[in-house]
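Participant: First the structure, which I've put down as structure tokens, then a few questions once you've had a look.
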Amino acid sequence: MLEADVFPVQFAVDPTGPQGGSLLASLISMPSTIERMGLGGPVGYIIMAIGILATLLFGWRFYSLWGLREGVQTQAASSTLSEDNALGRILKIAEDNPSSSTETLELKMAEQILKERPTIEGLNWVLKIVSVVAPLMGLFGTIIGMIETFTMITLFGTGDPKTMASGISIALVTTWLGLMVAIPTTFMYATVNNISKGILGTIEESSTGMAAKRSEKEA
């Protein structure tokens, strides 16, 4: 077997030569990832702004819900009521109304749960909307890019591909950006939604247990 048949084969490109010079010029002119994002036009910038805001919202909601969950779990494992968490405020109703019937107590605790729910589930819906709207914005940008492409074809024909490059870039980049925002946002929404459901589940379980104990005392 010849030595040239061994892979990988080492070779060198002369940057001063005609082939090496054109190769380096092409590599230099290739846009970076940030520059490609800018090719999406106004729609692309809107999608990127929505994605950044959704990421910041997820970080804030995750931090808030984590603290709420820690407080609720600590209260569920403690025999001392504290009003610095949602579960403590709900169970405090039973302590403040020792003579109320089971039905009345359940209604009062259900009312308090409804007051606590917006804090626990608040703004989660925004992440869900972003996960749906982002690919639609990408599709909107695709349509704009195709309209621009066909306009250039109508005016200048298909002789020079560069005249169509701008429209094609808008069409492809906006679709890419829309999916790049929608996919992680879907996971973000699922994460905060599961945490919110876990907190509400613990609250409802503990409040139901408190009502059951009151019912046993009445019996």
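The values are calculated or read from the model by the stated rules, or taken from the named source; none is laboratory data. Only a predicted model underlies this, so the values are computations on that prediction, with no experimental measurement involved. Cβ coordinates were reconstructed from backbone atoms using ideal geometry, including for glycine residues, and neighbour counts include every protein chain displayed. When the accessible area is computed, the model is the full protein with side chains, heavy atoms only, and any ligands, DNA or RNA have been set aside. Shrake-Rupley method; radii C 1.70, N 1.55, O 1.52, S 1.80 Å.
Participant: Just the residues that are under 26 Å from Asn124 (Cβ atoms), open to solvent by 30 Å² or more (accessible area, probe 1.4 Å) and touching a Gly at 6+ places or on another chain (Cβ under 7 Å), please, taken from the range 34-63.
Facilitator: none
Participant: Let me ask something else. Criterion first (open to solvent by less than 40 Å² (accessible area, probe 1.4 Å), closer than 19 Å to Ile34 by Cα and part of a helix (DSSP H, G or I)) does Ala165 satisfy it? Outline the logic, then answer.
Facilitator: Values: open to solvent by less than 40 Å² (accessible area, probe 1.4 Å): no; closer than 19 Å to Ile34 by Cα: yes; part of a helix (DSSP H, G or I): yes.
In short, no.
Participant: Another question, if that's okay. Can you spot a residue in the range 146-154 that is among the charged types (D, E, K, R), over 30 Å from Tyr63 (Cα atoms), over 15 Å from the mean Cα position of the chain (by Cα) and open to solvent by 90 Å² or more (accessible area, probe 1.4 Å)?
Facilitator: no
Participant: Name every residue in the range 170-211 that is of a type in the set (A, V, I, L, M, F, W, C), open to solvent by 50 Å² or more (accessible area, probe 1.4 Å) and over 15 Å from the mean Cα position of the chain (by Cα), in order of residue number.
Facilitator: Leu172, Trp176, Met210 - these are the residues of the range 170-211 that are of a type in the set (A, V, I, L, M, F, W, C), open to solvent by 50 Å² or more (accessible area, probe 1.4 Å) and over 15 Å from the mean Cα position of the chain (by Cα).
Participant: If Asn85 satisfies all but one of (1) farther than 30 Å from Phe187 by Cα; (2) crowded, with 18+ Cβ neighbours inside 10 Å; (3) without any contact (Cβ under 8 Å) to a residue 40 or more places away in the chain, what's the number of the condition it fails?
Facilitator: Tallying (1) farther than 30 Å from Phe187 by Cα; (2) crowded, with 18+ Cβ neighbours inside 10 Å; (3) without any contact (Cβ under 8 Å) to a residue 40 or more places away in the chain, Asn85 fails exactly one: (1).
Participant: Report the residue count in the range 88-109 for those that are in a helix (DSSP H, G or I), in contact (Cβ under 8 Å) with a residue 12 or more places away in the chain and either in contact with a Cys (Cβ under 8 Å, 6 or more places away or on another chain) or open to solvent by 40 Å² or more (accessible area, probe 1.4 Å) (or both).
Facilitator: 4
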